[in-house]
Amino acid sequence: MTTAKAIRRGLATYVTYRSYFLDSSSKRMMSTWWRRVEPAPKDPILGVTEAFLADRHPHKVNVGVGAYRNDDGRSVVLECVREAERVISGNTNMEYLPMGGNQTFVEETLKLAYGDESEYISNNKIAAVQTLSGTGACYLFAKFQRRFQSNSRVYIPIPTWSNHHNIWRDAQVPQRSFHYYHAESRGLDFPSLMDDIKNAPSGSFFMLHACAHNPTGVDPSEEQWREISYLFKIKNHFAFFDMAYQGFASGNTEKDAEAIRIFLKDGHLIACAQSYAKNMGLYGQRVGCLSILCENELQALAVKSQLQQIAGSMYGNPPLHGSLIVSIILTNPDLKKLWLKEVKGMADRIIDMRIALRENLENLGSSISWEHITNQIGMFCFSGMTPEQVDQLTDRYHIYMTRNGRISMAGVTTGNVRYIAEAIHKVTRS
Amino acid sequence: MDIDRTNVIMSPLERRLNTISRHLIQGCFSDSTSIVASPAFYGASVFQNVAQAPEDPILGVTVAFNKDPSPLKLNLGVGAYRTEEGKPLVLNVVRRAEQLLVNDLYRKKEYLPITGLSDFNKLSAKLILGSESPAILENRLATAQCLSGTGSLRVGAEFLTKHYHQRTIYIPVPTWGNHPKIFMMAGLSVKTYRYYDPTTHGLNFKGLLEDLSAAPNGAIVLLHACAHNPTGVDPTQDQWEHIRQLIRSKNLLPFFDSAYQGFASGSLDTDAQSVRMFVADGGDCLVAQSYAKNMGLYGERVGALTIVCKTTDVARKVESQMKLVIRPMYSNPPIHGASIVTTILKDRNMFYEWKLELKAMADRIISMRRQLYDAVSARGTPGTWNHIIKQIGMFTFTGLNSKQVSFMTSEYHIYLTSDGRISMAGLSSDKVPHLADAIHAAVTSIA
């Protein structure tokens, strides 16, 4: 059994280390406090990268975790980010941010989501705080929802990013699911989605992916979003948008915010989690934003104060560095232009890889339809492969991905696309 | 549902109305009154009844200070170090580390592991426990990079709520204002033990021992490793030994908050003595570390939680469970601050330089204590004031009451928290006379 296999299947062996240094009195005090602590299951997504790193095979491919790679398979620091860091280094102090975070950062981030001219922004009707990336924004909202809408549940699409389940469970908000992915067509199960929205009790909370659904890459069309919004209005539902890929999906930040703008036009008071992990490549900086639309300024202040309370007892105030990078870029017209160009570049490369992967598979004579590779959008492709097929891909071809068949297109390059296509063809044709 | 052919030739509005009417016919609205009654239909918010939360009292001081136009104003509220010129300070060694990081074009900046930067964790554990610590040599600790001291305390508390058999934590009176909130929000119940004696401005040692003796077996005890916040009153070496024996005999679980290592006495090792004493006896403990003050990395939120266990096997399991606490909260910690710390701790010259700069900060504070004490004594201010020089760390618990504090703010534009705590780090030589005048006036005109 290879090391990678062992790790992936969670069969780590622990070496117990005898402690020779305790004297008898300490041994008597040897408590059994942690005796009952069970080893936790490995995170399904992050465990993939661990296994990949442990693999020594020369052709190994990581299409597991969703971090962007360039065509050389290397991680990228955007030029606009490097420039911003040069501005910061040596010139700023490191004092505490206010509890709600860097205000310039928050303002610019709201403009991205809601539009520069949004009246919610100009009338101060948005309760918004800087958060620890998208995860932190979702978690803060889940805690807030638990506190102030304690009888509510959250409706989560099938499938979704696995950590969504951890977040709402940890916040003790009961979860229900709604239909989303249609396995046969590898597209959207729109009728079932609408039925679920219709059948949920009025005033239910729904978690929606604003664009580039993770893990499927399947998004509603503009028309479908309008219908969803209208039904939400009639059913009085609350829409929480997780927007982790703005700009990254179509290459255009305005287009990727379309769903949110549709809901806003229809008068919904939505909430939104935004992340700069992917679209600005700021993964490790943990920079994001949670915004909740309110009826008026007073309400927004009250909501914001409560969000700050919750965050305050979790980590005090959010980290500075990432927020400075974002606010420098977004407030400098040249840097902002550069950023938009770089984000489009990343999105375009992914779209090119989608086309290449599909073409390669079709040219190999695969009898399966691979249309979905180019129909889907964003970083991920839901290939439709079974867990067993994925295991074969890993064991035989050293291609690493999550067992739900999700391929991170960012890990595909002109150098490895053919290898990947051949491997997929081999495991799926039997 | 196939796309209705007729939909294709309708306008978007007609299409939408068609869809909705189809749903109506299918019996969507069994409860038709809901459309009219529901507030959201008219744009009302589900959160309309959310009340305004009270402002954080410590940060509120800075907010009020910022609003004050007086040129005499002095901010002695929040515990952030200031230079003699009253400016925030970024350590030279931190600037150098920053520069190295910016210039390193090959540095990866992607997601850290859930428990953070591995080198950072090892170096942080060494820093607080000492590189010869039995816990480190025997590889029986679990360390996670967390968001400064606050984040480390919270992750530790969440872990305890999930995996420890006792849900009560004892905190000293007084303590940092955020402590009770952190523990309560994590699901622990908070009790107190006596700590500060207002009559002596010192430690209520007898009360402390009594209260911890009365604690139920296994209860968690929060201990300030050094430079107690807000009082500046620390147990002596002998008193710590006494406390340790009591805690171990009752099987209480010590949870150290180490926010000022190096900042209190000027020596990293001296300030870690209390923690090391407990770890040396082989028992379990938790330690939350912060680099906010001692490396001046406040806003970068850099800290670490270490859980010292009995065996390597247990430490691995504990670490895996720490990850489950962290993953839903924020997935993984921020990279920048931890990278700076690692760069400095790894390099002998930079580490040495850091120790010098740290000692300089600690020395300036000690000098401010002396100057303030001399100034207050010179004015013959009624009362005893030698606690100003006996207390240790960033803060002085003056003993002033909230009325006297308000007086100092309104008449002398001096900002401090209502419990009478002043941040010595915010004081400079030229402001000492003004502060001494204010204290004198407050004490003599208000009881």
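The values are calculated or read from the model by the stated rules, or taken from the named source; none is laboratory data. These numbers come from a predicted model, not from an experiment. Neighbour counts are summed over all protein chains in view; Cβ atoms, including those assigned to glycine, are modelled from backbone coordinates with ideal geometry. Ligands, DNA and RNA are stripped out before the accessible areas are found, and what is left, the full protein with its side chains, is counted by its heavy atoms. Shrake-Rupley method; radii C 1.70, N 1.55, O 1.52, S 1.80 Å.
With charges set only on the Cβ (+1 for Lys and Arg, -1 for Asp and Glu), what does the dipole of chain B come to about its Cα centre, in debye to the nearest 20? Can you show the working numbers first?
Values: 46 positive and 39 negative charges, 107 e Å.
Here the size comes out at about 520 debye.
Mean 1/r over all different Cα pairs, inverted: what Kirkwood radius does chain B give, in Å? The partial results should precede the final answer.
Numbers: mean 1/r = 0.0406 Å⁻¹.
Kirkwood hydrodynamic radius for chain B: 24.6 Å.
Tally up the carbon and sulfur contribution to the accessible surface of chain B as a whole percent, 1.4 Å probe, everything protein left in place.
56
Where the centroid of each part is defined by its Cα atoms, how far is region B:103-169 from region B:388-428 in Å?
If you average the Cα positions of each part, the centres end up 34 Å apart.
Over the whole of B:307-317, what's the average partner chain Cβ count within 10 Å per residue? Rounded to a whole number, please.
Numbers: counts 1, 0, 3, 11, 7, 6, 6, 7, 3, 6, 8.
Other-chain Cβ atoms within 10 Å of each residue's Cβ, averaged: 5.
Per-residue counts of other Cβ atoms within 10 Å, averaged by peptide: what ranking do you get for A:190-197, B:271-278, highest first? Present the calculation step by step, with values, prior to reporting the outcome.
Working: A:190-197: 18.2, B:271-278: 21.0.
Going by the mean number of other Cβ atoms within 10 Å, highest first, we get B:271-278, A:190-197.
How much space per residue, in cubic angstrom, does the convex hull of the C-alpha atoms of region B:111-346 take up?
On the way: hull volume 26.6 nm³, N = 236.
It is 113 Å³ per residue.
Can you give the relative contact order of region B:111-346 as a percent, counting alpha carbon pairs under 8 Å and 6+ residues apart? If you can, show how the numbers build up before the last one.
Working: 456 pairs, mean separation 74.7, N = 236.
In percent, rounded to a whole number, it is 32.
Using only alpha carbon pairs under 8 Å that are at least six residues apart, calculate the relative contact order of chain B and give it in whole percent. The partial results should precede the final answer.
On the way: 750 pairs, mean separation 101.3, N = 447.
Averaging sequence separation for qualifying contacts and normalising by length gives 23 percent for chain B.
Add +1 for every Lys or Arg and -1 for every Asp or Glu among the other residues with Cβ under 12 Å from the Cβ of A:A142, and state the total.
Numbers: positive: A:K143, A:R146, A:R147, A:R153, A:R169; negative: A:D170, A:D242.
Net local charge, A:A142 excluded: +3.
So for region A:97-331, what are the equivalent ellipsoid semi-axes in whole Å, largest first, each being the square root of 5 times an eigenvalue of the Cα gyration tensor?
Values: eigenvalues 135, 76, 62 Å².
Each semi-axis is √(5λ); the values are 26, 20, 18 Å.
Counting other C-beta atoms within 10 Å, and keeping those with at most 12, which DSSP coil GluC sites (Glu not before Pro) do you find in region B:85-167? Provide the component values of the computation, followed by the final result.
Working: sites: B:E85, B:E98, B:E110, B:E132, B:E138, B:E158; in loops: B:E85, B:E110, B:E132, B:E138.
Answer in residue order: B:E85, B:E132.
Could you give each residue of region B:161-175 its phi-based ³J(HN,Hα) in whole Hz, using Karplus coefficients 6.51, -1.76, 1.60 with θ = phi - 60°, and x for Gly or Pro?
3J(HN,Hα) across region B:161-175, in whole Hz: 4, 7, 10, 10, 7, 10, 9, 10, 10, 9, 10, x, 10, x, 8.
With no solvent and one point per C-alpha, what does the Debye sum give as log10 I(q)/I(0) for the protein assembly as shown at q = 0.04, 0.06, 0.08 Å⁻¹?
-0.19, -0.44, -0.77
Report the net charge of residues surrounding A:T253, where surrounding means a beta-carbon distance below 13 angstrom and charges are Lys +1, Arg +1, Asp -1, Glu -1.
On the way: positive: A:K111, A:K255, A:R261, A:K278, A:K336, A:K337, A:K341, A:K344; negative: A:E108, A:D116, A:E254, A:D256, A:E258, A:E342.
Combined, the nearby Lys, Arg, Asp and Glu give +2.
Largest first, how would B:L141, B:L435 line up by accessible area (1.4 Å probe)? The partial results should precede the final answer.
On the way: B:L141 25, B:L435 0 Å².
The residues order as B:L141, B:L435, largest area first.
Mind checking the per residue accessible area of region B:111-346 for me, 1.4 Å probe, whole number of Å²? Don't jump to the answer; show the numbers that get you there.
Working: 6280 Å² over 236 residues.
It amounts to 27 Å² per residue over region B:111-346.
About its Cα centre, what dipole magnitude does region A:97-331 give when the only charges are +1 on Lys and Arg Cβ and -1 on Asp and Glu Cβ, stated in debye to the nearest 20? Mind showing how you got there, number by number?
Working: 19 positive and 21 negative charges, 158 e Å.
For region A:97-331, the charge dipole is close to 760 debye.
Could you report the buried accessible area between A and B, both sides summed, computed with a 1.4 Å probe and given in Å² to the nearest 100?
Values: alone 21160 and 21880 Å², together 34090 Å².
So the total buried area for this chain pair works out to about 8900 Å².
Separation of region A:149-175 and region A:226-252 by C-alpha centroid, Å?
17
Please list, ordered by chain and number, the residues whose modelled amide H lies under 5 Å from the amide H of A:R176; skip anything fewer than 5 residues away on the same chain.
Amide H neighbours of A:R176, under 5 Å, 5+ apart: A:V154, A:Y155, A:I156.
Just from the alpha-carbon atoms, what are the Rg and Dmax of region A:317-430 in angstroms?
17.9, 56
Report the relative contact order of chain A, percent, no decimals, based on alpha-carbon pairs under 8 angstrom and at least 6 residues apart. Walk me through the intermediate numbers first.
On the way: 731 pairs, mean separation 101.6, N = 430.
Once divided by the residue count of chain A, the mean separation gives 24 percent.
All other residues with a Cβ under 14 Å from the Cβ of A:G115 taken together, and with Lys, Arg as +1 and Asp, Glu as -1, what is their net charge?
On the way: positive: A:K111, A:K125, A:K255, A:R261, A:K265; negative: A:E107, A:E108, A:D116, A:E117, A:E119, A:E254, A:D256, A:E258.
Taking every other residue near A:G115 into account, the sum is -3.
Counting only trypsin sites (Lys or Arg not before Pro) that sit in a DSSP loop (anything but H, G, I, E, B) with at most 15 other Cβ atoms within 10 Å, what is the longest stretch of chain A containing none of them?
On the way: sites that count: A:R9, A:R18, A:R35, A:R36, A:R56, A:R74, A:R429.
The segment A:75-428 is the longest one with no such site.
Run through every distinct alpha carbon pair of region B:248-306 and return the Kirkwood hydrodynamic radius in angstroms, one decimal place. Walk me through the intermediate numbers first.
Details: mean 1/r = 0.0812 Å⁻¹.
Taking the inverse mean of 1/r over all distinct Cα pairs, region B:248-306 comes out at 12.3 Å.
How tilted is helix B:237-249 with respect to the longest principal axis of chain B? Cα atoms for both, answer in degrees (0 to 90, nearest 10).
50
Seen from all sides and averaged, what is the projected area of the convex hull of the Cα atoms in region B:142-190, in nm²? Each step should come with its number before you reach the end.
Numbers: hull surface 14.2 nm².
Quarter of the Cα hull surface area: 3.5 nm².
Evaluate 2.2 N^0.38 Å with N set to the residue count of chain A, then give the Cα radius of gyration divided by it. Working shown, then result.
Details: Rg = 23.0 Å, N = 430, 2.2 N^0.38 = 22.0 Å.
Computed over Cα atoms of chain A, the ratio equals 1.04.
Out of region B:40-99, which chymotrypsin sites (Phe, Trp or Tyr not before Pro) are coil in DSSP terms and have no more than 12 other C-beta atoms within 10 Å?
Working: sites: B:F41, B:Y42, B:F47, B:F65, B:Y81; in loops: B:F47, B:Y81.
Passing sites in region B:40-99 do not exist.
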